[in-house]
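Heads up, the thing below is written out as structure tokens.
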Amino acid sequence: MAKIKGICKNIDGCDKAVRGEEQEVEQSAKFECEECGKPLVEVKKKGGTKDGPNKLLIGIIAAIVIIGGGAGGYFALKEKPVKTIVVETPASKPAPILVSSLTLEKTSLTLKENASAPLSPTIQPDSAANKSVEWSSSDATIATVDANGKVTAIKEGSAIIQVKTKDGSNLSATSTVNVQKESVQKPPVIASDPKTRNEGGTGTGTVNVPGGVYKGELKNGKPDGNGSITYHSRTRISPDDMKERYANAGDRVTGLFSNGKVVQVTWYNADGSINQVVKP
């Protein structure tokens, strides 16, 4: 009996369909795939089907792509190529040198009320990129500090002065400031010694002067000659002094006076050390 050639198109579930294999079936038998049982498509001539060889070939190629790579692989074939962008970065700069050591020359300081004194920081290394510092006081009602490290005593008590780096190294140093109460001396009574020559205040004796007490030679009740002044409050040493120098409580000046004014004196600090010579 004559046989009819056919091809299975069940490419989702039949290996013969995937391979495009032709099958011969007796005309009297069912025209079905011997593997999957699906209807066959009759082949009219060698290499073709009713649907045409080109359509069958396209279908087989599509099936292979889908089965072999999946939907992702299929669509990946259509994606545009990705451009690679190379970004050039500038050469990195060396990190700035930070402060490695910060200290204060004085870790403690004793001042009388209204007195001032500087604090000086030492910063290492010398090659540090940023040597700026900031100052602060734990109690500004007792002692204050300015941007240059100058400490000023306000009232009796204790405060901590801190200096801190500003370059990010977070280093700090402190100094404890003890403020002593300014002693208030009672104005002394003028007392002439046996050398006093007359009742007009000429000779030697002790008299009150602005901010302190004078002891020495007098003329008409005023400092005149050799003598000294011990101060009990912060006072300008001489109104004629162009430098406007002020003595603090406890300081003393000794030297030559004329008609109540300073001619030339040596200025001593409260601790007895020499400050400087004052000559208006």
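The values are calculated or read from the model by the stated rules, or taken from the named source; none is laboratory data. Note that the structure is predicted; figures quoted are calculated from it, not measured. Neighbour counts are summed over all protein chains in view; Cβ atoms, including those assigned to glycine, are modelled from backbone coordinates with ideal geometry.
Side notes on the structure shown:
- Failed condition for S116, given (1) closer than 30 Å to Q180 by Cα; (2) modelled with pLDDT under 85; (3) among the hydroxyl-bearing types (S, T, Y): (2)
- Scanning region 238-273 for residues that are among the aliphatic types (A, V, I, L, M) and under 15 Å from N114 (Cβ atoms) gives A247, A249, A270.
- All told, D224 meets the bar of being charged (D, E, K, R) and in contact with an Asp or Glu (Cβ under 7 Å, 6 or more places away or on another chain).
- Count of region 134-171 residues which are closer than 21 Å to R234 by Cα, among the basic types (K, R) and part of a loop (DSSP other than H, G, I, E, B): 1
- Whenever a residue of region 96-115 is assigned by TED's automatic domain parsing to the domain that holds T144 and closer than 23 Å to G250 by Cα, its partners that are assigned to a strand (DSSP E or B) and of a type in the set (V, I, T), lying with C-beta atoms within less than 6 angstrom and at least six residues away or across chains, give the pairs S108/T176; L109/V177; L111/V179.
- Number of residues in region 223-257 that are over 17 Å from Y268 (Cα atoms), surrounded by fewer than 18 Cβ atoms within 10 Å (Cβ to Cβ) and touching a Ser or Thr at 6+ places or on another chain (Cβ under 9 Å): the value is 1.
- Among the residues of region 160-174, the one identified as among the hydroxyl-bearing types (S, T, Y) and surrounded by 20 or more Cβ atoms within 10 Å (Cβ to Cβ) is T165.
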